[in-house]
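The values are calculated or read from the model by the stated rules, or taken from the named source; none is laboratory data. Fair warning: this is a prediction, and the values are worked out from it, not measured in the lab. Glycine also receives a Cβ, built like all others from the backbone with ideal geometry; neighbour counts cover every protein chain displayed.
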Amino acid sequence: MRLLVTAEAASSGEIRDAIVAYSATSTVGDLESVLQQLFGMRSPHADVADVIDLDARRGGGDRTGPGVFLGSRRLDPADTLASAGIRHGVVVGLGGPSRHREREPQGLVEVRVSSGRGAGRVHRLGIGTWTIGSASHCAIRVDGAPDVAARLEVDAQGRVVVTTDESARDLTLPIPERREPPTEPIVLQASVATRTKRRFRRRKPGLSALQQGRQIDPSAPLPLVRLDREPVTASVTWEPGAVLGVADVLFELGAVSAPDASLSPSANGPELDYNRPRGCTRRRARASSRCPPSRRSPTSRPSRW
């Protein structure tokens with residue numbers, strides 16, 4: 001069996017990932033010995049690799065070593081991995097608690113980086129005012145932007161209002177390079193109109209539904225702070241589904257969803273079992289058959305006399 005472990009050295013702050021092959025009798029002391037070899041605290045063996053076998057390097061529980069920490073608790077080297085609470089994908093500290101042991105951040109809304117530097121990151125924001133910029137005090141850091149480019153105001157209902165800072169209101173970005181320059185304008189409104197709106201929209205004579213939408217010149221410079229490619233000149237409500245752009249980074253707004261995966265500790269080792277709910281299947285009708293009645297031989301009519 002294999003286990004993915006992320007370890008952080010408390011002395012240097014270096015972070016290493018290790019794929020550890022273990023058994024039911026593998027101990028925390030065995031894991032500590034392997035992590036010391038990965039970080040160079042001991043002379044590594046020739047067989048040190050990304051996949052490491054704990055049973056092949058059983059060294060016993062050494063209580064004088066730097067120690068393995070799970071959260072702020074130092075683990076007993078004699079405990080097995082399962083009894084110590086080490087699970088698949090866990091983050092442990094070597095020689096001290098890891099810095100990455102905080103709980104899951106809380107908030108009312110999620111601002112997700114969908115494109116640009118740091119794509120994939122999620123920022124959870126609570127009630128209050130949050131800043132976007134390149135300064136160190138900003139809640140959301142964007143390189144290449146002013147110290148404070150925009151402010152996000154989150155109310156108790158989860159509504160977000162975007163306001164551009166005065167220092168970034170008139171700033172623009174150069175046109176991004178493209179292999180083939182666009183020859184047609186960018187249409188915004190027509191692409192999001194529903195079928196019902198298109199059916200009852202009053203059409204202008206000689207214009208298609210695509211030509212009636214909001215059009216943007218693709219050769220025009222981009223505003224530094226924009227919402228769906230339009231400059232944010234005043235306080236605007238950020239609706240879910242709209243894309244906020246600050247410099248060369250794009251953000252999306254979403255609601256905070258609680259983890260709903262059904263996980264339980266595995267009985268076979270330090271892993272988590274995912275309990276997938278059974279799918280809703282239709283009840284099959286029970287097949288039934290019926291034999292036709294036996295055919296009777298025809299009888300003649302009785303005579304009157």
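Structure summary
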item: Of all residues in the stretch 219-236 being in a loop (DSSP other than H, G, I, E, B) and exposed (fewer than 15 other Cβ atoms within 10 Å of the Cβ), the one that is modelled with the lowest pLDDT; result: SER219
item: Filter pass, ALA242 being among the hydrophobic types (A, V, I, L, M, F, W, C), over 14 Å from ILE132 (Cβ atoms) and either in the same structural domain as ASP143 (by TED's automatic domain parsing) or crowded, with 16+ Cβ neighbours inside 10 Å (or both); result: yes
item: Sole residue being in the same structural domain as LEU81 (by TED's automatic domain parsing) and either part of a loop (DSSP other than H, G, I, E, B) or modelled with pLDDT under 80 (or both), chosen from SER33, SER43; result: SER43
